[in-house]
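The values are calculated or read from the model by the stated rules, or taken from the named source; none is laboratory data. Bear in mind the structure is a predicted one, so any value in this text is a computation, not a measurement. Every residue, glycine as well, gets a Cβ built from its backbone with ideal geometry; the counts of neighbours run over all protein chains shown.
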Amino acid sequence: MDMNAYLSMFIDESNDHLQALNDNLMRLESAPDDISIVQDIFRSAHTLKGMSATMGFEDLASLTHEMENVLDLVRNSKLSMDDFIFDTLFKGLDALESMVEDVVQGGTGKADVTAIVANLSSIVKGEHKSGKAVAAAAETKPAANSAGNAEAGLLDQFQSSVLKQSIESGHQVLYIKVTLTETCVLKAARSYMVFEVLENTGEVVKSEPSVQDLEQEKFDRSFTVFTISTISPEEMIAKINSISEIESVEVLPLDEESLANLSSSGQQQTAAAAAPAATTEEAKPAAGSAKPAAPAKTNGAPVANRTIRVDIERLDSLMNLFSEMLIDRVRLEQLASEIKRQDLIETVEHMARVSSDLQNIVLKLRMVPVDTVFNRFPRMVRDLAKSLDKKIDLIITGADTELDRTVIDEIGDPLVHLLRNSVDHGIETVNERIAAGKPETGTVHLRAFHSGNHVFIEVEEDGKGINSEKVLEKAISKGIVKPEEANKLSQDEINMLIFAPGFSTAEVISDISGRGVGLDVVRTKITSLGGNVTVTSVQGKGTKFSVQLPLTLSIISAMLIKLGDEKFALPLSSIVETAIIQRSSILSVHGNEMIKFRNAVIPLISLSKLFNSPSYSEETEEEHEIIVIQKGDKWAAMIIDEFIGQSEIVLKSLGKYLTNISGISGATILGDGQVALIIDPNALIK
Amino acid sequence: MSEELKVIVFGIGNEEYGIEVDKVRTIERMSPITRVPKTPSFIKGVINLRGVVVPVINLSGRFNLPESEVTEHTRIIVVAVNEMEVGFIVDTANDVIDINSDIIDTPPEIVGGIQAKYLDGIAKIGDDRLLIMLNLSEVLNKTEVVQLEQLEV
């Protein structure tokens, strides 16, 4: 059977299930007694196990199986959740994610998960409370190559420490050697039956040959198993002998001494040395855990069956076709107004209405709820809070707010930066919070909501706020602001300085908020998406970052203008006002032209000079048409020749040959088939 | 090793040039070009090629040769190299010929004012026809464009 056909389906669904597992585990952590959540988790884990086994990803399947065992106990109220179990389950989940990621990258999804598996089985055995040595052993052996490469008959350091631990805590460790009859046909099936018996009565720690080899009949007639068992050796012999086609079975109960003999002596020593050093400290989350394995869809909840999955490329080509039609529509409208035939005008008007409906739908198709980005944050904040020893509640609202896919793809990293910043530098430690008279658990709000043609995403925490005096001090010493300007800055303007390039170097930030995560990178990214980020902060009360994003990047409303023969488009979102001014009202400040606008003096930009316009110059005019544009809270005015009007335009790139042209962000095709360049107002305001 | 090449022949000034046919996307008549400010002067601007915005450069200008007037024979040859699509303005484009790779000689240092690095070679066709084969990736080398840009600004 060709598995490739199913691979992408497997990857999609695994990601769904992993996300569901993650979400539900988080929910469970806040409500550990809710068995219905455990049921959900169990279902996801079970499906994942089945899929992985079918696709031949044995490591994935076996890890999921172990997790399932733990969950099964919890589900049947035989085990109550505690921190250790959560951490182990989360670690297991991280491992699963990186395995699926490996599969996505074309790998085999193999990973050494024995450490996590052993932790899980120790949980099943109820050992984790008595001795934590297992956890330590697990940490000493980070996931590396494929499992099961220990020498024949020998236990590796880790396995022997698990067994040793079990013996110490009074469990029975058995060494079992099973030999099948010579005539046995289905050796794999028989060995599977033996394993079923073993797993029902205890936990298999080690088998030789490995379970994979056994399943693929890669063994002669006999195999050996180390198991932690709940039944006596006699019972075990009876049970295994009841399976047919078994020639002989040998069961040896092990004590510490015989175990030491089985392990190589050197390994035994290191294992013994490792045991006292045991700590229960949580290992750092696996490196790959924070990044999403692939664009995950909405929750794998049972309600999701009214949707279909569509290849993103098809949506893109739909969008391209539609934008070509939009250009033709504008052209038709133009022709109709020239020809002035009533029925043509009516038809074109009708077509215009239909196509604007169509435009709404096409754009909506590309909308993805921000949840696809948000869903990894609870986990991230949890891990971060744990590692920083802080108590933090992340409250997400408006996760169903939708944004264009192109924006969604880009917004993840800046938000991670902002959230990390809030958790790391914003929220105080528990002690500081108590001292400040605040509840010991800090709250981080992550909100998304629509407003007009924009989506706002806010990250707000109730931490210590920005120390604006220190910010100002640093900004002056770094030469970002001049001392004489400093007095004029408002509180918010000072706070905005933290976004200035060159401000947030690690060394600088360490005085104010610890470790620097380049906030100027965040701002650059967001402005490149046509958005904007602002910060407001009250010292002692908290800080709020507010990110404003355009709904879509592919079709925008724009103002079309003329400079002589040349036409340009300017995004409507950056226009504050259009006006006509007298040439005599232009002021000159240090040789720069400025005008008065709404009680402020703002710079006046000559577009014709900036773009070396061959067919227009405002020098000879008495009156100038101007457009006031904004970037954040800065304003500037541009002199133009003539306004054409407002229009919906389709963004096109200038291609790979022309990149980084200052002042131009792209191009669009007008109704007459001509190309008009789109002015990038952000580049014009310094 | 000899192989047959299909080559589009076009003329700039008095010279004849060749580009392998599989690198040429389309040949268009002159259409309105939108100037792109702040670019080197040989970049004439962008055109609308059936819904795709394509930059257009003047090859003579690219090689620092005098640019010729636009006539009714002027064509835009759109080539696709290294995932870039670029249009070349040429004086004429009216021939497709088969040549054998054996007849392509390595170019001398400078041919008709063009540095050798922009050329793949010179093909002799017939008795007195010379065909200059262009090295497109070098012609469209962007780092050089960036340097030019810095010189002009």
In the stretch A:306-321, what count of residues is obtained for those that are assigned to a helix (DSSP H, G or I) and out of contact with any Ser or Thr (no Cβ under 8 Å at 6 or more places or on another chain)? 10
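Matching residues to (1) surrounded by 17 or more Cβ atoms within 10 Å (Cβ to Cβ); (2) acidic (Asp, Glu):
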position: A:556; (1), (2): yes, no
position: A:565; (1), (2): no, yes
position: A:571; (1), (2): yes, no
position: A:580; (1), (2): no, no
position: A:594; (1), (2): yes, no
position: A:597; (1), (2): yes, no
position: A:603; (1), (2): yes, no
position: A:616; (1), (2): yes, no
For residue A:656: the one exception among (1) within 14 Å of chain B (Cβ to nearest Cβ); (2) more than 27 Å from residue B:54 (Cβ to Cβ); (3) surrounded by fewer than 21 Cβ atoms within 10 Å (Cβ to Cβ): (2)
Would you check if residue A:577 is over 24 Å from residue A:662 (Cβ atoms), away from chain B (no Cβ under 14 Å) and among the acidic types (Asp, Glu)? yes
Index of the failed condition, residue A:70 passing every other in (1) outside any helix (DSSP H, G or I); (2) under 24 Å from residue A:50 (Cα atoms); (3) at pLDDT 80 or above: (1)
State the number of residues belonging to the stretch A:668-686 that are more than 7 Å from chain B (Cβ to nearest Cβ), under 22 Å from residue B:50 (Cα atoms) and surrounded by fewer than 20 Cβ atoms within 10 Å (Cβ to Cβ). 2
Scanning the stretch A:599-651 residue by residue, those under 26 Å from residue A:492 (Cα atoms) and either without any contact (Cβ under 8 Å) to a residue 24 or more places away in the chain or within 14 Å of chain B (Cβ to nearest Cβ) (or both) turn out to be A:599, A:601
Which condition number in (1) under 21 Å from residue B:49 (Cα atoms); (2) more than 41 Å from the chain's Cα centre (by Cα) is the one that residue A:665 fails? (2)
Since residue A:359 meets every condition but one in (1) surrounded by 14 or more Cβ atoms within 10 Å (Cβ to Cβ); (2) modelled with pLDDT of 85 or more; (3) closer than 30 Å to residue A:451 by Cβ; (4) out of contact with any Gly (no Cβ under 8 Å at 6 or more places or on another chain), which condition does it not meet? (2)
Hits in the stretch A:103-114 - residues which are over 20 Å from residue A:198 (Cα atoms) and without any contact (Cβ under 8 Å) to a residue 60 or more places away in the chain: A:105, A:106, A:107, A:108, A:109, A:110, A:111, A:112, A:113
So which residues in the stretch B:41-57 are closer than 9 Å to residue B:85 by Cβ and either within 7 Å of chain A (Cβ to nearest Cβ) or within 15 Å of the chain's Cα centre (by Cα) (or both)? B:54, B:55
Quick check on residue B:36: is it part of a strand (DSSP E or B), buried (at least 19 other Cβ atoms within 10 Å of the Cβ) and at the interface with chain A (Cβ under 10 Å from one of its Cβ atoms)? no
